[in-house]
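Asks: Quick one: structure below, then a few questions.
The values are calculated or read from the model by the stated rules, or taken from the named source; none is laboratory data. No experiment lies behind these values; they were computed from the predicted model shown. Reconstructed Cβ throughout: ideal geometry from the backbone, glycine too, with neighbour counts over all protein chains shown. Surface accessibility is based on the protein's heavy atoms, side chains included, excluding ligands, DNA and RNA. Shrake-Rupley method; radii C 1.70, N 1.55, O 1.52, S 1.80 Å.
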Amino acid sequence: MDDPFDLAYPFTGRWLVQNSPADRLPRHGTELFASAYAIDFVPVAANGRTAPVTRSALIGTEPPERFPGFGRDILAPVDGVVVVAYGSESDHAAYRGLRSLGYAATQGRRATAGWRALAGNHVLIESRGTFVALCHLQQNSVQVRAGQTMTVGDPIGRCGNSGNSTEPHVHIQAGDSADFDRAEAVPITFAGSLPANRQIVDL
């Protein structure tokens with residue numbers, strides 16, 4: 001395995017780590033789309049939890065606005081240049097109960113449409129030959145443009161629920177090419193380490 005590409009955390013506040021490659025590879029269950037080392041961060045409230053699960057949530061969908069952190073700022077995790085800035089896709093409903101099973105069953109269709117269909121609204125930053133993607137951003141929240149130079153901590157958009165997402169969160173991955181349909185995955189760390197699954201990152 002190549003040396004990991006170190007990033008800054010792209011947010012402030014409390015976030016729950018999900019699908020961490022610290023626990024299993026490939027953590028997202030596939031090596032397609034340069035996702036072998038991808039990781040998810042879910043914004044949570046002060047108690048470390050996402051939106052409470054109600055009876056209606058178990059049998060139906062939920063508006064993304066119900067979740068803590070929907071619309072929370074997402075920041076540049078690395079110095080570099082924006083290669084792609086895409087932000088027009090709608091935020092869809094969240095799926096956590098029985099409806100999540102049906103949503104999971106349609107994932108193959110989204111995968112067939114390619115990486116962009118999975119990523120939803122996203123920003124892609126190139127840094128020293130590595131391409132870092134931040135995905136599932138909120139519709140119309142992307143505030144950068146292709147060719148723009150970024151510094152760690154610069155705002156790039158807000159946490160959303162676009163693309164292949166069951167609740168608002170940010171998905172981060174890196175590859176050796178801007179074409180994530182064909183790129184090879186690059187391992188990543190954050191501030192020199194990789195947080196474990198279910199860990200709370202509090203910044």
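Asks: Do we have Gly120 as buried (at least 18 other Cβ atoms within 10 Å of the Cβ) and on the phi > 0 side of the Ramachandran plot here?
Replies: When the stated conditions are applied, Gly120 passes them.
Asks: Would you point out which residue out of Arg72, Arg96 is of a type in the set (Lys, Arg), within 30 Å of Arg145 (Cα to Cα) and open to solvent by 40 Å² or more (accessible area, probe 1.4 Å)?
Replies: None of the other options fit; the residue is Arg72.
Asks: Check Arg109, Arg182, Arg96, Arg158 and return the single one that is over 26 Å from Ala22 (Cα atoms) and either modelled with pLDDT under 95 or among the basic types (Lys, Arg) (or both).
Replies: Exactly one of Arg109, Arg182, Arg96, Arg158 is over 26 Å from Ala22 (Cα atoms) and either modelled with pLDDT under 95 or among the basic types (Lys, Arg) (or both), namely Arg109.
Asks: Can we say Ala22 is at pLDDT 90 or above and in contact with a helix residue (DSSP H, G or I) (Cβ under 7 Å, 6 or more places away or on another chain)?
Replies: Taking the combined requirement at face value, the residue does not satisfy it.
Asks: How many residues are open to solvent by less than 50 Å² (accessible area, probe 1.4 Å) and more than 14 Å from the chain's Cα centre (by Cα) when one looks only at segment 22-53?
Replies: Selection size over segment 22-53: 7.
Asks: Further question on the same structure: Going by the conditions given, is Ala85 in a loop (DSSP other than H, G, I, E, B), surrounded by 19 or more Cβ atoms within 10 Å (Cβ to Cβ), within 17 Å of the chain's Cα centre (by Cα) and of a type outside the set (S, T, N, Q)?
Replies: Against the criterion (in a loop (DSSP other than H, G, I, E, B), surrounded by 19 or more Cβ atoms within 10 Å (Cβ to Cβ), within 17 Å of the chain's Cα centre (by Cα) and of a type outside the set (S, T, N, Q)), Ala85 does not qualify.
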